[in-house]
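Accompanying notes for the structure given below.
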Amino acid sequence: MAFRNILDGAASFCAALVTLTVCGLPAWFTVVAVRSEVAPIWAYGAAAGLAIIGVILTVAFLRKSFAGIAPTRQRRR
């Protein structure tokens with residue numbers, strides 16, 4: 001049982017890293033594009049929205065990883 005919880009926690013940690021990458025990189029490059037005047041100023045709003053969603057999901061997956069819960073479950077198996 002304990003080994004399954006460790007694997008579930010590792011899967012949640014990997015999901016947190018993937019979420020941070022998938023949401024963080026586009027948000028960062030949007031900010032860089034706006035600063036270099038390639039994108040319009042309103043793109044900051046889209047970048048902020050994507051960053052906020054990414055942070056919320058990353059924190060949720062990290063919380064699950066420390067509790068040993070799989071990314072697709074609400075409770076331990």
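Just to be sure I understand, how many residues within segment 1-34 are surrounded by 13 or more Cβ atoms within 10 Å (Cβ to Cβ), over 16 Å from the mean Cα position of the chain (by Cα) and touching a residue at least 60 places away in the same chain (Cβ under 8 Å)?
Total meeting the criteria: 2.
Exactly one condition in (1) in contact with a Leu (Cβ under 9 Å, 6 or more places away or on another chain); (2) at pLDDT 95 or above; (3) not aromatic (Phe, Trp, Tyr) is false for ALA70; which is it?
Every condition holds for ALA70 apart from (2).
Has segment 6-25 got any residue that is among the small types (Gly, Ala, Ser), over 30 Å from ILE69 (Cβ atoms), assigned to a helix (DSSP H, G or I) and at pLDDT 95 or above?
No, segment 6-25 contains no residue that is among the small types (Gly, Ala, Ser), over 30 Å from ILE69 (Cβ atoms), assigned to a helix (DSSP H, G or I) and at pLDDT 95 or above.
Might you let me know whether segment 30-40 holds any residue that is touching a Gly at 6+ places or on another chain (Cβ under 9 Å) and of a type in the set (Asp, Glu)? Write out each step before concluding.
To start, the set of residues in segment 30-40 that are touching a Gly at 6+ places or on another chain (Cβ under 9 Å) comprises none.
The answer is no, given that none of the residues of segment 30-40 is touching a Gly at 6+ places or on another chain (Cβ under 9 Å) and of a type in the set (Asp, Glu).
Would you mind finding the one in ALA51, ALA70, ALA60 that is among the hydrophobic types (A, V, I, L, M, F, W, C) and part of a loop (DSSP other than H, G, I, E, B)?
After ruling out the rest, the residue left standing is ALA70.
The values are calculated or read from the model by the stated rules, or taken from the named source; none is laboratory data. Just so we're clear, the structure is a prediction, and the values are computed from it rather than from any experiment. Using ideal geometry, Cβ is built from the backbone for each residue, glycine included, and neighbour counts are taken over all protein chains shown.
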